Amino acid sequence: MMNSDANRIGVYIHIPFCVRKCLYCDFCSFDSVGYELRERYIRELCREISSSGAGREVGTVFIGGGTPSLLSVREMSEIVSALDRNFDLSDDCEFSVEVNPGTVDTEKIRGFLSLGINRISMGMQSASDRELKAIGRIHSNTDLLRAYSALRDAGAKNVNLDCMYGIPGQTRDSFRATLDEMLSLGPEHISAYGLMLEEGTPLYRSVKNGSVSLPEEDEECDMYRIAVETLSDAGYEHYEISNYARTGYICRHNYGYWNGTEYLGFGLAASSFFSGVRYKNTEDINLYISGAGRRLECEQIQSDEAEREYIMLRLRTAAGIDQADFAAHFGRHFADGREGVIAKYISAGLLKEESSRFFLTDAGMYLSNGIICDLMP
Ligand code: SF4
């Protein structure tokens, strides 16, 4: 995380409501939720925030979901007021909210910005209506273009667009077209994720019963390479496996997760990591609303687990593992006992050692899961 955030915490707030579930989604979110349940949820969320003043400055806030942009400006202002009352938000606090292109207009975004929200993350996913339909998104490409104009008209100066590769029916060329459209819009930040086929989702069932097929693995790998090349050529820094930013616009909140910054999570299924302990709220919305579902799971991170997590998270980033920092955390050199594995991946061009840091190359990032497994203690 950037130096100014070193002693600050992050805050995550979960809004578990969507217009309709996307076919690939296994996030904790519900569709067709009535106004009354939503009101009760927000009331409990504000109570949870009010009961927890960490006494530390907050460097970043991220309101995610679900679809936070389903909330009205008044509902969002209740949440922001609860935060303001209980936490010391830094003057340069990065304050992000996720929006779905089917749920925003200029007036709503203007209202959100007036509350102090200063970063908008929008799920574009694809510029192809056929691909959007294949994954069950509620919006079309026309909706996306309208929503993007609305963000800019409202004065949003820090915008992320998400896209996906590996969508049913997607080709290298159609993915290139999505990237080209994103670049023509000129967001400050782009996230390009590989579609994850999650068990239990409608898409998973369709793929398993053969009614839908996904791009082949080599096609998906090419799409990752296309993203790296296209976005780097356009001046975006590839600073994490799936994330690219113009200078000065990395997502400080997510960067904090990858660098071990402490954070508090509020809302359904939200996780917290504080003083070496990980907490998780219930995923049962009725239990949560009753006030009994906070921090039900609690796990003290042991030193072996801490080292595994440190390696897994740091190697996701372009900065990788700093040897002095690793030694300060674990009292030994990162390469100790890993000499053979490290040499194998360096000679394969997947890992690099430079300026006292070990980091994955672009090709290594695509294969990160296997490499990181091999480097675990
Ligand atoms: S909008 Fe996001 S959270 Fe909601 S269903 Fe789609 S992928 Fe899941």
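The values are calculated or read from the model by the stated rules, or taken from the named source; none is laboratory data. Here the structure is a predicted model, which is why all the values come from computation and not from measurement. A quick note on method: Cβ atoms are made from the backbone with ideal geometry, for glycine too, and the neighbour counts reach across all protein chains shown.
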Under 6 Å by Cβ, and 6 or more places apart or on different chains, what pairs join a residue from the stretch 304-332 that is among the charged types (D, E, K, R) with one that is assigned to a helix (DSSP H, G or I)?
-> GLU307/PHE330; ARG316/TRP258
Subset of the stretch 1-30 that is away from the ligand (no atom under 15 Å from the Cβ) and among the charged types (D, E, K, R) - its residue that is modelled with the highest pLDDT | ARG8
Cβ pairs under 7 Å, 6+ apart, first in the stretch 131-145 and over 13 Å from CYS163 (Cβ atoms) and within 11 Å of the ligand (Cβ to nearest atom), second of a type in the set (Val, Ile, Thr) and modelled with pLDDT of 95 or more | ILE138/VAL19
Could you give every pair whose Cβ atoms fall below 8 Å, whose first residue belongs to the stretch 37-55 and is modelled with pLDDT under 90, and whose second residue is assigned to a loop (DSSP other than H, G, I, E, B), counting only separations of at least 6 or pairs across chains?
-> GLY53/PHE87; ALA54/PHE87
Output the number of residues of the stretch 70-106 satisfying the condition of being of a type in the set (S, T, N, Q), within 26 Å of LEU144 (Cβ to Cβ) and in contact (Cβ under 8 Å) with a residue 40 or more places away in the chain.
-> 4
How many residues does the stretch 83-108 contain that are within 16 Å of the ligand (Cβ to nearest atom) and small (Gly, Ala, Ser)?
-> 2
Residue match in the stretch 207-219 (condition: assigned to a loop (DSSP other than H, G, I, E, B) and under 18 Å from the mean Cα position of the chain (by Cα)) | no
Is it true that SER69 is of a type in the set (Ser, Thr, Tyr) and more than 30 Å from ARG47 (Cβ to Cβ)?
-> no
Lone qualifier among ARG152, ARG119 - being at pLDDT 95 or above, within 30 Å of ARG43 (Cβ to Cβ) and not small (Gly, Ala, Ser) | ARG119
Are any residues in the stretch 187-204 in contact with an Asp or Glu (Cβ under 9 Å, 6 or more places away or on another chain) and either outside any loop (DSSP other than H, G, I, E, B) or surrounded by fewer than 15 Cβ atoms within 10 Å (Cβ to Cβ) (or both), and if so, which ones?
-> ILE190, SER191, ALA192, TYR193, GLY194, MET196, GLU198, GLU199, GLY200, TYR204
Matching entry among ASN160, ASN118 (being within 25 Å of VAL80 (Cα to Cα), under 19 Å from the mean Cα position of the chain (by Cα) and more than 16 Å from the ligand (Cβ to nearest atom)) = ASN118
Candidates THR178, THR247, THR230 - the one that is without any contact (Cβ under 8 Å) to a residue 40 or more places away in the chain and farther than 24 Å from ILE15 by Cβ | THR247
Search result, residues across the stretch 176-206 that are under 30 Å from ASN118 (Cβ atoms) and aromatic (Phe, Trp, Tyr) = TYR193
If you scan the stretch 165-182, which residues turn out to be under 20 Å from the mean Cα position of the chain (by Cα) and more than 23 Å from SER29 (Cβ to Cβ)?
-> THR178, LEU179, MET182
Could you check how many residues of the stretch 31-82 are more than 16 Å from the ligand (Cβ to nearest atom) and either outside the structural domain of MET122 (by TED's automatic domain parsing) or among the charged types (D, E, K, R) (or both)?
-> 12
Filter the stretch 121-130 for residues that are small (Gly, Ala, Ser) and more than 14 Å from the ligand (Cβ to nearest atom); the one that is surrounded by the fewest Cβ atoms within 10 Å (Cβ to Cβ) is SER128
